[in-house]
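Coordinate-derived values only; no laboratory data. No experiment lies behind these values; they were computed from the predicted model shown. Positions of Cβ are generated from backbone atoms using ideal geometry, with glycine treated the same way; all protein chains shown enter the neighbour counts.
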Amino acid sequence: MERRAAFAQSGLPSRKLESWRYTDLRPLAALDPIAAPAIVDTTALAADLPALSGPRLVFVNGRRAPALSVAPPSDIIAAGGFVADPARFAALPLAVLNAQFAQEGAEIVVPDRFDAGRLTLVHLTQAEDTTPVFTHLRHRIALGAGATLTLVEYAAGHGVYWHNPVIEITLAPGARLRHIRIQAETQESFHTATLFVDLLAGARYEAFTLGLGARLARSETHARLGGTGAHAALSGAQLLRGNQHGDITSVVAHDAPGCTSRQTVKNVLAGRARGVFQGRIEVARAAQKTDGYQMSQALLLSPEAEIDCKPELEIFADDVKCSHGATIGALDPEQLFYLRARGIPEAAARAMLVRAFLDEAIEGVADGAARALLESAIGGWWEGA
Amino acid sequence: MLEIRGLTAEIDGKPILNGIDLVVPTGEVHAIMGPNGSGKSTLSYVLAGRDGYQVTGGEVRLDGVDLLALAPEERASAGLFLAFQYPVELPGVGNANFLRTALNATRRARGESELDAVQFLKLARAALRDLAMADDMLKRNVNVGFSGGEKKRNEVLQMAILKPKFAILDETDSGLDIDALKIVANGVNALRRPEFSALVITHYQRLLDYIVPDRVHVLAGGRILRSGGPELARALEESGYAGLGLEALGESVS
Amino acid sequence: MSARIEPRDPIEAATEGNYKWGFETAIEMEIAPKGLSEDTIRLISAKKDEPEWLLAWRLKAFAAWRETCEPEWAKIKHPPIDYQDLHYYAAPKRKPGPKSLAEVDPELLATYEKLGIPLRERAILAGVEGAEEATPVAIDAVFDSVSVATTFRETLAKAGVIFCPISEAVREHPELVRRYLGSVVPAGDNFFAALNSAVFTDGSFVFVPKGVRCPMELSTYFRINARNTGQFERTLIIAEEGAYVSYLEGCTAPQRDENQLHAAVVELVALDDATIKYSTVQNWYPGDAEGRGGIYNFVTKRGACRGARSKISWTQVETGSAITWKYPSCILQGEESVGEFYSVALTNHHQQADTGTKMIHLGANTKSTIISKGISAGRSNNTYRGLVRMMPRAHGARNFTQCDSLLIGDRCGAHTIPYIESRNPSARVEHEATTSKIADDQLFYCRSRGLSQEDAVNLIVNGFCKDVLKELPMEFAVEAQKLLAVSLEGSVG
């Protein structure tokens, strides 16, 4: 009960904050969740795990679940429990909340020049009865110089809950992290994830985020290109229906010269769903020769769906090439007719065009198995339609 | 056999087709010629079932099946194929995936077994060879970045793979140089067999030198005004639509 | 066409500090005491001999203003403005309606001369009979919020067009003013609009009746002259069914060390099939190279496309002001109505501009186009801020937006903040934005053809702005081009 009181007082961000103008957390405030209790026997949750082989770190209700995990190679330190620097998050209320409540998380440290292959990080949340629960996990992922890792992150659960993870990623010079994230929380849940990515010289961060679940979701990424020649690619897609609200927010800060950033975000919105994309590219005075590009596209599949989009450029260096684009529309009737005239039934033709619409964002996902997982998640979305 | 009887249609309340009567017996190739605005493209879109065209009267049957009652994909499954005058670009949709999906949808509708990727590729490669097209055509997105000639060849490739009973070629010759025209014509001729028929819509006689029609119809003002053998096309080429005395019909030629 | 803004020889300008229009006119003024209260508003209203309803409207606006705060969301910084330390009424003392040149204050005439207004237009402004034959532009000159002369009124009256100071319209056409004033920008719309509604002293009024194509360009020339005086002009333009009007405004102010406040409101109403084209060349004093002085320009401009197939087109070239805060907008209510926004905003030295537009699509098949070109030089900050909103009934609506920013030097900032919201699947929105600098090879190419560095930059900047400049009436476009060149001086090393 103590925690509950703390939660109530903590003050979720309101829409008066410019960065929250399109996402209203009042339904979350009304949820009044309690800390998720420990699940003694997690084996029943094995069916919820994504179909991916290899090392796997699984957290259930915010705690490690060794029974469901597959240990990564011993070269990777995968420990837990560390102290975060709360000063960094002062302006981000959800990260502050996480800092208040988080007790566990993964700490993945890849040594210099080590190719750590693929690692899957799973968060499962289970509300046992009708009482909503919350979990706040905090992970740290650090890649040494020249190290590589493919990290697949997967979130799912049962019942009504709020999942509010924070992930801090640091990439040493020349490190490369491929990050594939699938958010498949329950339709009654709330998912708010905050990512911090720090890139040093020549480091590469390539992320693809797929948002399918949650009644209200926000995926917020703060990437800082702090060393010459670093590269960040933040792509993502949301497929939403019903009353779902999904928000993809990102800030890419170019602080060093000669860095590149790429971002392609796709929203597919059916029913009364509302999609939000806010993306800011910041170029500091020192960040000459910056090359930044951002594209946001939305498909509205129903007359009641809504998209709000705010792509932002904030530029203080003159020798830069930055651009963004945004398009919003429906499926092209010409294309639909062309497919149907070739014998493809309307529903299949629609699915095909939506899949094609997503293609540009997904094509960067190099890991075959992770890609197959994405494809099946997208395919499953249509079956739920 | 395609039978069109008393077909009338309009766009946004404006009549375009004013009573088309046309029968194309199985195994025959017919040509429709006519000046701009005569209703040629409207006829092809109405036959294929595109939105935005209101059929106000008449009927269309393909081997007895009422085409007008069917959705576009059902017409395709029933054996109708429209080679578009302006093939549509589908960014993100691979040509191979598109063709296989279309072929399997059609086969399924006809109660035939679906082809797996290997079977399909074999079939597609053979069709590509016949049309002098490179294999990488299959990897590209449908019509995206294609030249005008490539788009038209892609239409004929689809036709070769889907093997329709009845094909409509809507100005397939427009934008083609003579070499591409021959390749396209050969592709169409290769499909000619007793159970295949086609309607070739064109502005010029040129295409009909390579795809020799059994019958030629002149469309103007939304009606068939003349019908004849291949010689009618040549007469048109020499004397123009005016030479046929169509100018007397004023509204239809303008 | 008035050649009011005629840049002189760039060398001369460079040696004298760039701002050619920085003189002050010693005209005898009538000035109200500093400070803002209900009494100030009653005084203004009484000076203008206004009807009771307008005073009540002003007081309501004042009450609303006191309830609101200065907006904080714009990317601008300035020391707090003391609204009690300003004069809210300043008028040149003169007899009403000068009938001959001799009656016009010679200082005023001298001002026109300095502004580069051609002689015959000066005569027209001064009201000399017979002077109206030659030039096709009707001018309303507003000095410190008071309209001093309006030309061509008879010619316009014959066509049925009303073009007069708004204070006069309140007296002569109260039914029109009462019907439309505040109907697009309500009295309490925002902090600055509320302030304007409470204290506006003059501005232009245009009424083009049904079916009339206004026979000439209408132009208002705004000049801030008096010290410590806020300028709050209010413009209201109504185009009835099928009417057409093209309206131009130009702005200058004297060079001063302290900042001056300007908070105008412009309301446009277009009924069925009407078109309003509104062009601005804003060249208020921008402050000196160190950022001292300059106008704070907080303007609310909004047009309502009420009628089917109506069209409102905003074109602006913003080179002046220390701060520009301005978002000329269109409410696209009528079916198939069209909104356009073409903008060039150039900032140099310590200028700050936060400008853009709002296109609110309410009606079916409405269309909007936004072309914005921002140029930042010196230590300035230049922000495009725009909203495109497709409402649920905006079936088949379209928007196209192109925002380009150009940076000159590495001490300035260029920012693009679009808000794009759609609630209709059949509406289509396309937005593109780029940021770049003048490429070295472009400069080198020009210079190897014999152009100086400065000429090369001007050439490239003009090319960058071409899509917007071509929307201006031709002679205005020529002025605007020269103005860009003058404003850029000293920015290229």
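Shape descriptor for region B:2-249: Rg over Rh equals 0.96 (Cα atoms; Rh from the Kirkwood inverse mean 1/r).
In this model, which of C:Lys77/C:Lys301; C:Lys158/C:Lys210; C:Lys75/C:Lys358; A:Lys16/A:Lys310 are farther than 20 Å apart at the alpha-carbon? Distance filter (> 20 Å) returns C:Lys77/C:Lys301.
Shielding of peptide B:104-113 by partners, expressed as the average count of other chain Cβ atoms within 10 Å per residue Cβ, is 2. Of interest is the spacing of the C-alpha centroids, which for region B:41-78 and region A:166-245 amounts to 48 Å. Treating r as the C-beta distance of A:Val70 and C:Tyr83 and R0 as 51 Å, the FRET efficiency rounds to 0.15.
Suppose only helical runs count, i.e. DSSP H with n ≥ 4. What mean residue ellipticity at 222 nm does that imply for chain B under -39500 (n - 2.57) per run, divided by all residues and rounded to the nearest 500 deg cm²/dmol?
Details: 8 runs with 92 residues, N = 254.
Mean residue ellipticity at 222 nm (helix-derived): -11000 deg cm²/dmol.
Summary value for chain A: 10 percent relative contact order, contacts being C-alpha pairs under 8 angstrom separated by 6+ residues.
Compute for region A:107-249: radius of gyration divided by Kirkwood radius, i.e. Rg/Rh, restricted to C-alpha atoms, rounded to two decimals.
On the way: Rg = 15.7 Å, Rh = 15.5 Å.
Ratio of gyration radius to Kirkwood radius: 1.02.
The residues neighbouring B:Thr8, those whose beta-carbon lies less than 14 Å from its own, together hold a net charge of 0 under the Lys/Arg +1, Asp/Glu -1 convention. The shape of chain A can be summarised by an equivalent ellipsoid whose semi-axes, obtained from the alpha carbon gyration tensor, come to 29, 27, 22 Å from longest to shortest. In region A:2-332, a dipole from Cβ-located charges (positive for Lys and Arg, negative for Asp and Glu) runs towards its positive end, and of A:Tyr205, A:Val110, A:Ile315 it is A:Ile315 whose Cα lies farthest in that direction.
Working note: Cα gyration tensor of region A:117-178, eigenvalues times five, square-rooted, sorted largest first, giving semi-axes of 31, 11, 6 Å.
Using 0.36 nm times the number of residues separating A:Ser376 and A:Ala30, minus their current alpha carbon distance, what extension gain do you get? Present the calculation step by step, with values, prior to reporting the outcome.
On the way: separation 346, 0.36 × 346 = 124.56 nm, distance 3.39 nm.
Result: 121.2 nm gained on full extension.
Take every residue in peptide A:295-305, count the Cβ atoms of other chains within 10 Å of its Cβ, and give the average of those counts.
Values: counts 1, 2, 0, 4, 1, 8, 1, 1, 6, 4, 4.
So the per-residue partner count for this stretch is 3.
Taking every residue in A:14-21 and counting other chain Cβ atoms within 10 Å of its Cβ, the average works out to 1.
Between the C-alpha center of region B:128-202 and that of region C:345-422 there is a gap of 46 Å.
Compute the length gained on full extension between B:Asp136 and B:Leu68: take 0.36 nm times their separation in residues and subtract their Cα-Cα distance, giving the result in nm to one decimal.
The B:Asp136-B:Leu68 span can extend by a further 20.8 nm.
Projected onto its three principal axes, the C-alpha set of the protein assembly as shown covers 100, 92, 63 Å, listed from the longest axis down.
Using packing as a proxy for protection, rank A:37-43, B:53-59 so that the peptide with the highest average count of other Cβ atoms within 10 Å comes first.
Working: A:37-43: 12.3, B:53-59: 15.0.
Taking the mean over residues of other Cβ atoms within 10 Å, the ranking is B:53-59, A:37-43.
At a Förster radius of 41 Å, what calculated FRET efficiency corresponds to the Cβ-Cβ distance of B:Gln54 and C:Asp440, to the nearest 0.05?
On the way: r = 59 Å, r/R0 = 1.45.
Using R0 = 41 Å, I get an efficiency of 0.10.
How big is the gap, in Å, between the Cα center of region A:331-374 and the Cα center of region C:262-295? Computed from Cα coordinates, the inter-centre distance equals 48 Å. For chain A, a Gaussian network of Cα nodes joined below 10 Å ranks A:Leu119, A:Leu300, A:Leu331 by mean-square fluctuation, and the top entry is A:Leu331.
For region B:2-249, the number of Lys pairs with C-alpha atoms closer than 25 Å, counting only pairs eight or more positions apart or on separate chains, is 24. For chymotrypsin sites (Phe, Trp or Tyr not before Pro), no site in region A:98-136 is both called loop by DSSP and has at most 13 other Cβ atoms within 10 Å. Global dimensions of region C:336-493 from alpha-carbon coordinates: Rg and Dmax equal 17.4, 56 Å.
With R₀ fixed at 60 Å, the C-beta to C-beta distance from B:Lys182 to C:Glu52 puts the FRET efficiency at about 0.10.
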